[in-house]
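> The structure's right below; bear with me while I get my questions together.
The values are calculated or read from the model by the stated rules, or taken from the named source; none is laboratory data. Source: prediction; values computed, not measured. Because the Cβ atoms are built from the backbone with ideal geometry, glycine has one as well, and the counts that use them run over all protein chains shown. Note: areas computed on protein heavy atoms with side chains; ligands, DNA, RNA excluded. Shrake-Rupley method; radii C 1.70, N 1.55, O 1.52, S 1.80 Å.
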Amino acid sequence: MPQDAAASKKQTSLSEDNNPVFQDIARFRAILFDAMLKPHDMTMSQGWVLVHLVRENGLRQSELADRLEVATVTTSKLIDRLEARGYVERRSDPNDRRSNRVYATPQAKQLVKILTKTIFEVDEIANAGIPEKDLATTLRVLALMRTNLKAALNNR
């Protein structure tokens with residue numbers, strides 16, 4: 001491989017100012033998303049719990065943790081906060097008394113509509129000025145990167 005190609009490959013995730021592009025994008029999106037949800041007393045992490053429950057209500061806490069790709073303890077803390085505010089409720093699993101299932105309340109379903117609208121607003125801000133074709137290519141490439149990284153983690 002020519003030296004220039006090797007050098008450019010090493011720097012693919014750094015911007016011109018040597019900041020990690022992927023981390024910056026994720027961090028800036030999260031900060032913006034949380035700021036836009038602040039009037040609703042909601043964070044992005046809590047919102048993703050609700051989105052998953054609205055899609056499929058009655059998940060076990062462990063299933064929810066798997067889907068969010070976080071530790072069960074983290075999920076439990078998110079559910080505690082959401083339950084205290086009336087967005088979710090835990091119910092014993094009728095097939096396994098040691099396990100709880102989590103259900104979104106009607107209040108949560110209304111909030112997910114706001115979350116969905118906010119996701120589209122953040123995307124609109126992030127994607128401003130990017131031609132559709134470039135955006136489609138970018139999303140396809142990022143999806144492949146995510147797949148590659150998940151596979152590498154699963155193979156460890």
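> Filter the range 140-156 for residues that are at pLDDT below 95, assigned to a helix (DSSP H, G or I) and open to solvent by 100 Å² or more (accessible area, probe 1.4 Å) and give the result.
Selection gives ARG146, LEU149, LEU153, ASN154.
> Scan the range 27-49 and tell me whether some residue there is modelled with pLDDT of 90 or more, surrounded by 11 or more Cβ atoms within 10 Å (Cβ to Cβ) and in contact with a strand residue (DSSP E or B) (Cβ under 9 Å, 6 or more places away or on another chain).
Yes, because at least one residue in the range 27-49 is modelled with pLDDT of 90 or more, surrounded by 11 or more Cβ atoms within 10 Å (Cβ to Cβ) and in contact with a strand residue (DSSP E or B) (Cβ under 9 Å, 6 or more places away or on another chain).
> Condition first: touching a residue at least 40 places away in the same chain (Cβ under 8 Å) and open to solvent by 60 Å² or more (accessible area, probe 1.4 Å). Now tell me which residues in the range 58-70 satisfy that.
ARG60
> Cβ-Cβ under 8 Å, sequence separation 6+ or interchain: first residue in the range 97-115 and under 24 Å from MET44 (Cβ atoms) and free of Cβ contacts under 8 Å to residues at least 24 places away in the same chain, partner open to solvent by less than 60 Å² (accessible area, probe 1.4 Å) and assigned to a strand (DSSP E or B). Which pairs?
Qualifying pairs under 8 Å: THR105/VAL88.
> Any idea which of ILE125, ILE114, ILE119 is among the β-branched types (Val, Ile, Thr), under 30 Å from ARG81 (Cα atoms), at pLDDT 95 or above and in a helix (DSSP H, G or I)?
One residue alone meets the criteria, ILE125.
> Here is a follow-up. If you take the residues of the range 108-139 that are under 15 Å from the mean Cα position of the chain (by Cα) and of a type in the set (A, V, I, L, M), which of them is surrounded by the most Cβ atoms within 10 Å (Cβ to Cβ)?
Per the stated criteria, the residue is LEU115.
> Test each condition in (1) under 20 Å from ILE31 (Cα atoms); (2) of a type in the set (Phe, Trp, Tyr); (3) in contact (Cβ under 8 Å) with a residue 12 or more places away in the chain for TYR87 and report the one that comes out false.
Failing condition for TYR87: (1).
> Can you tell me which residues in the range 71-84 are without any contact (Cβ under 8 Å) to a residue 12 or more places away in the chain and either touching an Asp or Glu at 6+ places or on another chain (Cβ under 8 Å) or crowded, with 16+ Cβ neighbours inside 10 Å (or both)?
GLU83 - this is the single residue of the range 71-84 that is without any contact (Cβ under 8 Å) to a residue 12 or more places away in the chain and either touching an Asp or Glu at 6+ places or on another chain (Cβ under 8 Å) or crowded, with 16+ Cβ neighbours inside 10 Å (or both).
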